[in-house]
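Below is one structure; the comments refer to it alone.
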Amino acid sequence: MSAQGSYTGEGHSDREFETLVEQHYGPLYRFALSLTRTETDACDLTQETFRVWATKGHQLENRARAKGWLYTTLHRLFLESRRRHVRFPHLELDEAAGEIPNVDPDVVNRLDGQQIVALLGRVDAQFRAPVALFYLEDTSYNDIAEILEIPMGTVKSRIARGLAQLKQLLVKDTANVADNPEAIP
Amino acid sequence: MTMPEAKQILLLHRPWLGEAPDAETSEALALAGRDQELGRWWANHLACQQALRAKLRELPAPARLKESILADRKVIRPAFWQRPPVWLAAAAACVLLIGIAAVMLQPRAPDRFADFRSRMVRSALRQYSMDIVTNDMQRVRQFMAARGAPADYALPGGLERLSLTGGAALKWRSAPVAMVCFDRGDKEMLYLFVMDRTAVKDAPPAAPQVEKVNKLVTVSWSEGDRAYVLAGPEEADFPRKYLSPPNSHL
């Protein structure tokens, strides 16, 4: 996991905490929003993540890994809140969706971030987190695998499937918008 | 390499990161250079990716969020023995003193009941799922016992009249919590949360306390070793309706 900022000295000081919040609360919130789809839940999840850091962050010896730690914790909290019982199957890349439609970039440019989050929220849950990390933070595949605690092959297959689904939704909603300009929320 | 295979490979390629393409990606890129249709798809895909990425990254976080997180930190401070090694090293000289003090010190103050109640309400308002779905209370109790959550809860008479839908074993700051869910009969749910009362420093009194938390009305009380929170949508006579005998002191 690449380092962002250094957390040295009295690692758990107020200043360190403030720096950590300053650097990561925005991206973490966006990640949470892509998972939960609602502002309230995303705020709750982000706040809870920093709460866990406030009580357990001192256990992290390598402070350069704080960013990955925060993302992993947020994702774990999200999964815990959903209490999923279904373990998603490991999908190999060559099993991923074959149909990848062409999307006119103008269609995307006409949407705002909230509308794209709403579309991302309609992508299958197991694909959503890797796709969000893929876009939001330009996170490397290795780091995504580490954050989500899944193998690299699974990360790639989920991103490929998630992107294909997102594009299909964009195409579908573009068609809807042509008929009804209010179609995209 | 077929065109669908090349698309699958290129889908994951992010040239804007400056990542050197691996052999497979290089082959797919070369194919996109030769094949007009694939080339158009790739150019279009790149433009689309850049637009999606930019739109998602420009989403602002709510202004109050940062302040809430920082304010939260002021409430939760790690205990001195939880500080990192620099502090531990400084404290090493006091090991003997700490040893003696540890015997004399009271246990760390437990957490506030209001925090527990608020957290449970948020759990109920969020999309959640039950660990066990059943209308058999005995099965719910067995499930809670197996998970280490409170299973010996006293059910208020008003709740016994509702239909049980199931429950979940939760944790609140390492304390096990039983969540028991009831269908009010009009597609609205009621949630009973039960936790050991020693997990909080200010467990509610035996007489039920009504408090609106977020969008739900809560009634809190203690009985025996347990602290209870009943949460549900606002309605007239909420406590009286559900906490009728055996909790007849309302």
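The values are calculated or read from the model by the stated rules, or taken from the named source; none is laboratory data. These figures come from a predicted structure and were not determined experimentally. Here Cβ is always computed from backbone atoms with ideal geometry, including for glycine, and neighbour counts include all displayed protein chains. The protein model used for the area step is the full one, side chains on, heavy atoms only, and it has no ligands, DNA or RNA in it. Shrake-Rupley method; radii C 1.70, N 1.55, O 1.52, S 1.80 Å.
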Over all viewing directions the Cα convex hull of region A:97-179 casts an average projected area in nm² of 5.5
Show me the GluC sites (Glu not before Pro) within region A:126-158 that DSSP assigns to loop and that have at most 13 other Cβ atoms within 10 Å of their Cβ.
A:GLU149
Expressed as a whole number, the average count of other chain Cβ atoms within 10 Å around the Cβ atoms of A:58-70 is 1
Amide H neighbours of B:VAL177 under 5 Å, at least 5 residues apart or on other chains, H built in the peptide plane: list them.
B:LEU170, B:LYS171, B:TRP172
Checked against the positive end of the charge dipole of region A:97-179 (+1 on Cβ of Lys and Arg, -1 on Cβ of Asp and Glu, about the Cα centre), the farthest of A:ALA132, A:ASN109, A:VAL171 is A:VAL171
Here are some pairs, A:LYS67/A:LYS172; B:LYS7/B:LYS66; A:LYS56/B:LYS215; which of them have Cα atoms lying more than 32 Å apart in this structure?
A:LYS67/A:LYS172; B:LYS7/B:LYS66
For A:LYS172, what accessible area in Å² do you get when you roll a 1.4 Å probe over the heavy atoms of the protein chains, rounding to the nearest 10?
120
For region A:14-87, the fraction of alpha-carbon pairs in successive 5 Å shells from zero, as %:
3, 16, 29, 25, 15, 8, 3, 1, 0
With N residues in region B:188-243, what two-decimal value do you get for its Cα radius of gyration over 2.2 N^0.38 Å?
1.09
Using +1 on the beta carbon of Lys and Arg, -1 on that of Asp and Glu, and nothing else charged, what's the dipole of region B:7-67 about the Cα centre, debye to 20?
420
Determine one quarter of the surface area of the Cα convex hull of region B:117-244, which equals its mean projected area, and express it in nm² to one decimal.
7.1
Farthest towards the positive end of the dipole of region A:14-87, among A:VAL52, A:PRO27, A:SER81 and with Cβ unit charges of +1 on Lys and Arg and -1 on Asp and Glu, lies the Cα of A:SER81
When Cβ neighbours within 10 Å are restricted to other protein chains, what is their mean count per residue of peptide B:143-154?
0
For region A:14-87, size of Cβ-based charge dipole, Lys and Arg +1, Asp and Glu -1, in debye
480
Averaged across the residues of B:57-64, what count of C-beta atoms belonging to other chains lies within 10 Å of each residue's C-beta?
6
Can you compute the charge dipole magnitude of region B:170-250 about its Cα centre, using +1 on each Lys and Arg Cβ and -1 on each Asp and Glu Cβ, nothing else charged? Give it in debye, rounded to the nearest 20.
220
